[in-house]
Amino acid sequence: MQIQTGIITISDRASKGLYDDLGGPALKTAAQGHGWTVLAESLVPDEKREIQRAVREQIAKGCQLILTTGGTGVALRDVTPEALREIAARELPGFGEIMRMESMKFTKNAILSRNLAIVVDKSLVLCLPGKPSGAVECLGFVIGAIPHCIEVLQEVPTSC
């Protein structure tokens, strides 16, 4: 299935140019590897309003799936889940549960992750870790559910 995708990196330091964004490019490569079209890319600081603005802009550009990387940890500046819950029509808890459960097989610190998935308008937004390998791994754990979720949100007739 062709999925119109947006990618948002959330990082104070990368947005200030203090280090290179590696998470966004890693997710772009993964998305393209699944045959998805990346329509938009953004790099924003850990600020609720900036995160929300970036999501809304990407939806306006036609993104059906938005992958965020960063801001899902326990640091005081990690506000991605809070920012996105404020604009969500609904949360899909199974995505975060699976990401944490599968990640626990690799690192005991996965229990600290606040990965989640939400619906904004007719788009699926996945909040992935800031570490590039973790973001790509977590996407891989839930990849099977994404096409059907997008079809349902886009009101494409399905078999269920």
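Structure summary
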| item | result |
| --- | --- |
| Under the Karplus curve 6.51 cos²θ - 1.76 cosθ + 1.60, θ = phi - 60°, whole-Hz ³J(HN,Hα) for segment 67-74, x wherever Gly or Pro sits | 9, 9, 10, x, x, 9, x, 10 |
| Approximate shape of the chain as ellipsoid semi-axes (Cα gyration tensor, √5λ), whole Å, largest first | 22, 18, 15 |
| Rounded accessible area of Cys138 (nearest 10 Å², 1.4 Å probe) | 0 Å² |
| Residues with amide H under 5 Å from that of Ile7, placed H, sequence gap 5 or more | Ala40, Glu41, Ser42, Leu67 |
| Protein-only accessible surface order, largest first, of Thr29, Thr72 at 1.4 Å | Thr29, Thr72 |
| Per-residue [θ]222 nm for the chain (sum of -39500 (n - 2.57) over DSSP H runs n ≥ 4, rounded to 500) | -11500 deg cm²/dmol |
| Reachable lysines from Lys61, criterion Cα separation under 22 angstrom, eight or more residues apart if same chain | Lys28, Lys48, Lys122 |
| Per-peptide average of other Cβ atoms within 10 Å, ordering 13-22, 52-61 highest first | 52-61, 13-22 |
| Rounded to whole Hz, the Karplus (6.51, -1.76, 1.60) HN-Hα couplings of segment 123-133, x for glycine and proline | 10, 9, 10, 9, 9, 10, x, x, 5, x, 5 |
| Val79, Val136, Val44, ranked by accessible area, largest first (probe 1.4 Å) | Val136, Val79, Val44 |
| Virtual spin-label span in nm between Ile143 and Arg56, 7 Å along Cα→Cβ | 3.4 nm |
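The values are calculated or read from the model by the stated rules, or taken from the named source; none is laboratory data. In this text the structure is predicted, and so the values were computed from the model without any measurement. We place every Cβ from the backbone using ideal geometry, glycine too, and count neighbours over all the protein chains shown. To get the accessible areas, we keep the full protein, side chains included, count just its heavy atoms, and leave off ligands, DNA and RNA. Shrake-Rupley method; radii C 1.70, N 1.55, O 1.52, S 1.80 Å.
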